[in-house]
Amino acid sequence: MPTNAVRSAGALLLALGLLSLALSWWATPTQAKGDYIGVVKIDGAIDAISSRYLSRAIDKAEGDEAVLIVVELDTPGGRLDSTRDMVETILGSRSPVAVFVSPSGARAASAGTFITAAANFAVMAPATNIGAASPISGSGEDLTGTLGRKVLEDTLAFTRAISEKRDRNTEALEATVTRARAYSATEALEIDIIDFIATDREDLLAQVHGRTAETAAGPVVVNTEGVRVRDINMSLLERFLSVIADPNIAFLLISLGSIALFLEFLIPGFGPGIAGIIMLALAFVSFGVLPVNWVGVALILVSMVLFYLETEAPGIGVFGVGGLVSFVIGAFLLFGGFFGSSNPLDLTVDISLWLIIVMSIVMGSGALTVYWLLREGGSSDAFGAVDGGLVGAPAVAVSDLNPTGRVLVKDREFSATMEEGQRVRAGANVHVVAVYSGRTLKVSDAPLPIGRRARRPLVALAERLRRAFRR
């Protein structure tokens, strides 16, 4: 063979060798970097807080080049928008993600089905289940008509996109949507919805070791041998938001906050206004997470306006009754699904019936108490309600009581007398213990008996209410 031909053949073989080496280096999965495995725990309904938590945790793990991210999941389902965000976060992760439905007895229902299927490694513990992802309305009813068909088709397309991306059984996953099918861990493994069953976290890490995951950064071989495990917990803010994003707490916040503002308008300077503003602000923060019905919010706020109008026109009763009715209806509609979201994966959110009853009784009792206080000693004649208005009332000595003199009670001066031998100087605080004929009061500076002492704050509040409305 001519020398030039040999050289040409050698150069070609060298070029092919180098090209093969480059292609093999490019195609070979890179070993995951990092020195830990991040664990994220999601236990409860899928909502905006769950989505925020998962996104932050995966961003942190990616930045640290974690070997693996394990999402331990136990959920009854949740909001569609949050579910889509979480699926997008998992599919876009540059670190491998394993979703582990655990512990035994846990479930990945409804929204949890899509989150589990989107993982690089879908894993379930024994005695767990997955599925039942049929589209329903926010109030738990089947969707019908054009809207039902649109939502169903959209959910099926969502399911197919995930199953095709992760090479899962599309037909079986679609059955969870079209027929509300649910599967045990064993059944899910047999029909290729999940990758394997693990008894606990250690078993999962042992089984996933050496497997290849297709990530946003390319194929990665997972190495879990000897790698430490680190929990990526919720931040303080996320924990706080998860507490107030409870329908019962949100209802209490808007109710108590509205009452506090009502009292501030009723008795300026009394002090609850700041607390009311804070509680209302927290209530609206929780409404940003929950599927709230704004008609219910408006009715609760309108009820406070009606209660205030009742105090401006006492005796009519129409505003007070209207306020109570508005409050009760607003409570039932607050998360009732009317005019609410029609997202297929939104869970029904309810307020405890007992809480509504208790708060309605509190509101009704409060309205009656204010009604009574406004009339307690409310006659222009201070003696129009002698026992209820004066006995036990606080007084200030206008002159020295030695033992007779004059005192100021409820913005009016009266002749007063004390027990023989008692003396107080002008400006001293006393209280009324009896009313004599001739518009003379008997007063004392001795501590009130327990029964009377408990009544003094109510009398003082009644006086402040009367002064506020007389202005």
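The values are calculated or read from the model by the stated rules, or taken from the named source; none is laboratory data. It should be emphasised that the depicted structure is a prediction, and the values quoted were computed from it without experimental measurement. A quick note on method: Cβ atoms are made from the backbone with ideal geometry, for glycine too, and the neighbour counts reach across all protein chains shown. Note: areas computed on protein heavy atoms with side chains; ligands, DNA, RNA excluded. Shrake-Rupley method; radii C 1.70, N 1.55, O 1.52, S 1.80 Å.
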Cut-off 12 Å, label 7 Å out along Cα→Cβ of E225, residues of region 34-64 by amide N: none
Packing rank of 207-216, 102-111, where each peptide gets the mean count of other beta carbons within 10 Å, highest leading: 102-111, 207-216
Rounded accessible area of K410 (nearest 10 Å², 1.4 Å probe): 50 Å²
Sequence ranges 117-123, 285-291, ranked by mean other-Cβ count within 10 angstrom, highest first: 117-123, 285-291
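Quick one: net charge around P103, please, counting Lys, Arg +1 and Asp, Glu -1 for every other residue with C-beta under 14 Å from its C-beta. Provide the component values of the computation, followed by the final result.
On the way: positive: K41, R107, R201; negative: D43, E72, D74, D200, E202, D203.
Residues close to P103 contribute a combined charge of -3.
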Near-label residues of region 69-89 by backbone N, under 12 Å of a point 7 Å along Cα→Cβ of A216: 86-89
Theoretical FRET efficiency, 1/(1+(r/R0)^6), r = Cβ-Cβ of L237 and D411, R0 51 Å, to 0.05: 0.50
For T440, solvent-accessible area (1.4 Å; no DNA, RNA or ligand), Å²: 30 Å²
Surrounding net charge for L189, when Lys and Arg each add one and Asp and Glu each subtract one, Cβ distance under 13 Å: -3
Relative contact order, percent, region 160-236 [alpha-carbon distance under 8 Å, six or more residues apart]: 16 percent
